[in-house]
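Quick notes on the structure that follows.
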């Protein structure tokens, strides 16, 4: 039935549940991320055939991801502005439909210029949905479940590598255009799914945590308790909060009373940006993850080439191994990270940051060892371990960010994160290429990125003291 995804399971918000709105919103947002990344990765699978048809250079081909990343960076902060002021489910649904149109345009392009424009527009559109999705997850799931929720949605960045395989197979069986045209269908269907999601009240779970209805940590440690005689605002009998039905205030709108600040109540955009970027934990997490993304983008882009040039692997084997390493390592690390985040959050000070920052630092060191191996088996095994360790950060860093940014500005908070990630990802492969050309060694270029990755891990570890203060301030503000 239309409009039922994301409603509280019992008609009220069950304060004792890890998923008071059910797991359907997480499934839908996971599908959004997966379709997004699969579509984005189609290009690498069909690129040789497109170059064969239009005869453009490698430089022109390589500039497509860079131009796309720059376009995505431009829309990051405006996307946060929209996510904090308008219905987030509607924003995502409209954006996903726009993906489908841009994908259709890619398949129907009559020349390289039109195709190039479609890829840049697609990247810009894809970046608009990230802040809205990040903000939504924090309102669907309480702190105890956030590592799991963010981990499963962020892992799609790497699972989207299936798009490369899909694109190559469809292009070989039919044509490169077929790969893009077929991806229009899941895009449209995903847009319809998101349109059916209910918009949760903005900041409602934060208010319940602050009032003491939900323990902010799985163990219940440090749960806020109301003073004697203090009402548990918004909480009904049995520890639950009322939920507006269809058409009532709060249903499907970010501007209803009790749903957080309305558009009229929001501060000017520049003042809102300043209030977000001065949150210490957010800055540590954003810079740390940007440095991690810089390294991962550079190392894994060139990893197949390294296998071919130095270890004698053929192109098919190198590409398959690299793709499998990314998928298997990321899945393993995300699952372990979600478990550690749930176990350590509230029992160890800054537990999520300890898990994520420790994983990044240890993973970068293991990666340095892996790159020194002279056998493809040893390289593969150690790179898999490295990828798993670094992926522990995926669920924990994003969950931390949701905890330290007030509900009214979470869209902007995730927009700032996405801006840092986009910039880091855009230049990783370029840095390796520059060092490789200057030194004559691709391996030297890859080693150049190990140092910033280690620094990124240490920065996130250094955010542990500020996390407790910033998270407590969010709850304190929610009590008011």
### Message
Under 8 Å for C-alpha pairs, at least 6 residues apart: give me the relative contact order for the stretch 273-479, rounded to a whole percent.
### Response
39 percent
### Gain on full stretching of the segment that runs from residue 178 to residue 314 - 0.36 nm per residue minus C-alpha separation
46.2 nm
## Note on the structure
Cβ density ranking, 10 Å radius, fewest first, applied to 110, 444, 326 yields 110, 444, 326
### Task
Sort the following peptides by mean Cβ neighbour count (other Cβ atoms within 10 Å, averaged over residues), highest first: 290-300, 406-416.
406-416, 290-300
### Task
Can you tell me the relative contact order of the stretch 19-195? Whole percent, Cα pairs under 8 Å, sequence separation 6 or more.
45 percent
### Proxy reagent accessibility, fewest Cβ within 10 Å first, across 437, 470, 36
437, 470, 36
### Summary
The exposure ranking of 453, 307, 397, fewest beta-carbon neighbours within 10 Å first, is 307, 453, 397
### Task
Round to the nearest 0.05 the FRET efficiency obtained for residue 60 and residue 450 when R0 = 25 Å and r is the Cβ-Cβ distance.
0.25
### Query
Tell me, how many Å apart are the Cα centres for the stretch 349-364 and for the stretch 383-456?
14 Å
## Note on the structure
Working note, the stretch 273-479: Cα radius of gyration (Å, one decimal) and Dmax (Å, whole number) are 17.8, 62
### Message
If each residue of separation counts as 0.36 nm, what is the full-extension length gain between residue 53 and residue 378 once their alpha-carbon separation is subtracted?
### Response
113.1 nm
### Message
Run the simple label-point estimate for residue 108 and residue 441 please: 7 Å along Cα→C-beta, distance reported in nm.
### Response
5.2 nm
## Note on the structure
Burial-style ranking of 195-208, 72-85, average other-beta-carbon count within 10 Å with highest first, yields 195-208, 72-85
### Task
Classify the stretch 19-195 as rounded, prolate or oblate from the Cα gyration tensor: take a ≥ b ≥ c as the square roots of its eigenvalues, call it rounded if a/c is under 1.5, otherwise prolate when a/b beats b/c and oblate if not.
prolate
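No value in this document is a laboratory result; all are computed from the given coordinates. Everything numeric in this text was worked out from a predicted model, so none of it was measured. Cβ: placed from backbone, ideal geometry, glycine included. Neighbour counts: every protein chain shown.
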